[in-house]
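The values are calculated or read from the model by the stated rules, or taken from the named source; none is laboratory data. Every value quoted in this text rests on a predicted model; they were computed, and no experiment measured them. We place every Cβ from the backbone using ideal geometry, glycine too, and count neighbours over all the protein chains shown. The protein model used for the area step is the full one, side chains on, heavy atoms only, and it has no ligands, DNA or RNA in it. Shrake-Rupley method; radii C 1.70, N 1.55, O 1.52, S 1.80 Å.
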Amino acid sequence: MTRSEHGVVLGASWAGMLAAHVLARHMKSVTVIERDVLPDRPAQRKGLPQARHVHVLWSGGARIVEGLLPGTIDRMLAAGARKIGFHEDVVTLTSHGWQPRFAPRQYVMMCGRPVLDWVVREQVLANDRIHLRERTEAVTLTGDGTRVSGVQVRSLDGGAPEVLEADLVIDATGRGSGLRRWLSALGLPPVDVDVVDAGIAYSTREFVAPPGATAGFPAVNVAADHRERKPGRFGVVFPQEGGRWMVTLSCTRGGELPTTEEDFLPYARSLRDPLVAQLIGSAEPLTSVFVSHIGANRRLYPERLDRWPDGLLILGDSLAAFNPIHGHGMSAAARAASVLDERLGEGDLTPGRAHDVQRQISETVDDPWIMAASKDLEFVNCRNHATDPRLNQNSAGMHQFIDLIARGSMGSQAVSDIVTDVVSMSAPQSELGGSHFLSLIQRSERLPDLTEPPLSPEELAIVNLEPRSAVRAGR
């Protein structure tokens, strides 16, 4: 390969759109293959059922997307997204208690997944170098174990399969990727795969937020306490565009997720704190309950193969999919797109370089992989099918360290700032093992524990709630 003429991206979701944009910066033409018909506005679509649950874009990923597509954050805000400062704009019950609302160090963009996708997709597809083929699916890769020369596709409306020749094919088809099967057909050995599955399931319903709540009331997150050694139960109330609240209730394996409208509020009352239930108890529902059971952490290791074909890369959920509760998938895809842009900017993918590029892309998912998998391993009934030694050796010590970090983050803003930098994917996870951070945990003065949700009188008034201390005193 001496000149980059044509790239093919399989999948037109978030990761695929970012990849297509990057390819169009370095290639003459890009074809995007997508099974769905993509909506011409922010709307749900069949091929992305998880979009009905809460999504966030962490600041680490948001900054990358803004760099690739300037103006994206303003477009999201104009479409109704809210920029949530961590921890100032969030009320969180962690496994160790209520998190103080420190001044914001990082942020997340909160809105419906269709808005996040639409804002990026609208900009990307405006590029006349990019051609979208809808209701089309990839059948197999063409070429051999040394070089992928294209992809065979077929229309879902019928007709004979056809081959699209390509200088570079990118698999961004997500959890259902056929990559391992396609590589086997090229004569390559199986790609290693790790799975850490806490059995997470999600139940989501949308409500009309009280007047002023989507702008003047914090996001709410009630987490489970893994130390109870029983299935975890979680609940969040996130502001959305259009004056809505999206409420997602979730559980780990054995947690008896609510699947009906009648079960939704009682389940919210069963969480470690009644705040979620109090917020939605008198709120008007806008939707029925939507349930999903897809949430295992799964990671492929193409970098471990002795050889990798030129002309092929994999990113997004095809490479590593995370438990959505951690909110890292979209930012991880942005980081991969940034690496791809950097490497293509250095020159064409000459023979033998694809393996090195794939290795560098794979490195971008390592931090979110360890964060998500190690956290899920804390819960009972989690199934660990991982070969990663960090997830199999001295697990008790790892969990003790996670608890130490959680406690330190609650009591000290200096500790919390570094943890937030890492969780938001704005700093490497190695920061948590550095001498500066460990010293902060040991010497920082701890704030007293909070006994109730840290909500101001003005915020409580918006949702018509009384301070709990006042309620207790009145009794």
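Scan the range 42-70 for residues that are more than 25 Å from Val291 (Cβ to Cβ), open to solvent by less than 20 Å² (accessible area, probe 1.4 Å) and of a type in the set (Gly, Ala, Ser) and the total you get is 4. Residue by residue through the range 37-71, note down the ones that are more than 20 Å from Asn127 (Cβ to Cβ) and among the charged types (D, E, K, R). If the condition is that a residue be more than 20 Å from Asn127 (Cβ to Cβ) and among the charged types (D, E, K, R), then Arg45, Lys46, Arg52, Arg63 are the ones that fit.
If Leu168 satisfies every condition in (1) open to solvent by less than 20 Å² (accessible area, probe 1.4 Å); (2) within 18 Å of Val30 (Cβ to Cβ); (3) within 24 Å of the chain's Cα centre (by Cα); (4) not hydroxyl-bearing (Ser, Thr, Tyr) but one, which is the exception? Of the numbered conditions (1) open to solvent by less than 20 Å² (accessible area, probe 1.4 Å); (2) within 18 Å of Val30 (Cβ to Cβ); (3) within 24 Å of the chain's Cα centre (by Cα); (4) not hydroxyl-bearing (Ser, Thr, Tyr), the odd one out for Leu168 is (3). For the residues Phe207, Phe234, the requirement of being modelled with pLDDT of 95 or more, under 18 Å from the mean Cα position of the chain (by Cα) and not aliphatic (A, V, I, L, M) singles out Phe234. On the stretch given as the range 290-307, residues that are modelled with pLDDT of 95 or more, crowded, with 19+ Cβ neighbours inside 10 Å and outside any strand (DSSP E or B) total 1.
Here the range 17-32 is the region considered, the condition is being open to solvent by less than 10 Å² (accessible area, probe 1.4 Å) and of a type in the set (Val, Ile, Thr), and the residue that is nearest to the chain's Cα centre (by Cα) is Val22. Pairing each residue of the range 212-227 that is touching a residue at least 60 places away in the same chain (Cβ under 8 Å) and closer than 15 Å to Val463 by Cβ with any residue that is of a type in the set (D, E, K, R) and open to solvent by 20 Å² or more (accessible area, probe 1.4 Å), provided the two are 6+ apart or on different chains, yields C-beta distances under 6 Å for Phe217/Glu459; Pro218/Asp89.
Matching residues to (1) of a type outside the set (Val, Ile, Thr); (2) within 21 Å of Gly11 (Cα to Cα); (3) in a helix (DSSP H, G or I):
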{"residue": "Ser331", "(1), (2), (3)": "yes, yes, yes"}
{"residue": "Ala336", "(1), (2), (3)": "yes, yes, yes"}
{"residue": "Val339", "(1), (2), (3)": "no, yes, yes"}
{"residue": "Leu344", "(1), (2), (3)": "yes, yes, yes"}
{"residue": "Leu349", "(1), (2), (3)": "yes, no, no"}
{"residue": "Gly352", "(1), (2), (3)": "yes, no, no"}
{"residue": "Asp356", "(1), (2), (3)": "yes, no, yes"}
{"residue": "Ile361", "(1), (2), (3)": "no, yes, yes"}
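Scanning the range 434-473 for residues that are open to solvent by less than 80 Å² (accessible area, probe 1.4 Å), charged (D, E, K, R) and modelled with pLDDT under 90 turns up just one, Arg468. Condition test on Pro368, is it open to solvent by less than 20 Å² (accessible area, probe 1.4 Å) and under 21 Å from the mean Cα position of the chain (by Cα)? Spelling it out, Pro368 is indeed open to solvent by less than 20 Å² (accessible area, probe 1.4 Å) and under 21 Å from the mean Cα position of the chain (by Cα). Can you tell me which of Val236, Val247 is surrounded by 20 or more Cβ atoms within 10 Å (Cβ to Cβ), assigned to a strand (DSSP E or B) and touching a residue at least 60 places away in the same chain (Cβ under 8 Å)? The unique qualifying residue is Val236.
Filter the range 371-385 for residues that are touching a strand residue (DSSP E or B) at 6+ places or on another chain (Cβ under 8 Å) and surrounded by 20 or more Cβ atoms within 10 Å (Cβ to Cβ); which is nearest to Ala427 (Cα to Cα)? Ranking the candidates gives Ala372 first. Just one of the listed residues (Ala198, Ala213) is open to solvent by less than 50 Å² (accessible area, probe 1.4 Å) and closer than 20 Å to Asp376 by Cβ, namely Ala198. Can you spot a residue in the range 127-141 that is assigned to a loop (DSSP other than H, G, I, E, B), in contact (Cβ under 8 Å) with a residue 24 or more places away in the chain, within 23 Å of Arg205 (Cα to Cα) and open to solvent by 10 Å² or more (accessible area, probe 1.4 Å)? Looking for residues that are assigned to a loop (DSSP other than H, G, I, E, B), in contact (Cβ under 8 Å) with a residue 24 or more places away in the chain, within 23 Å of Arg205 (Cα to Cα) and open to solvent by 10 Å² or more (accessible area, probe 1.4 Å), one finds none in the range 127-141, hence no.
Within the range 149-165, the only residue that satisfies the criterion of being open to solvent by less than 60 Å² (accessible area, probe 1.4 Å), in a strand (DSSP E or B) and farther than 24 Å from His26 by Cα is Ser155.
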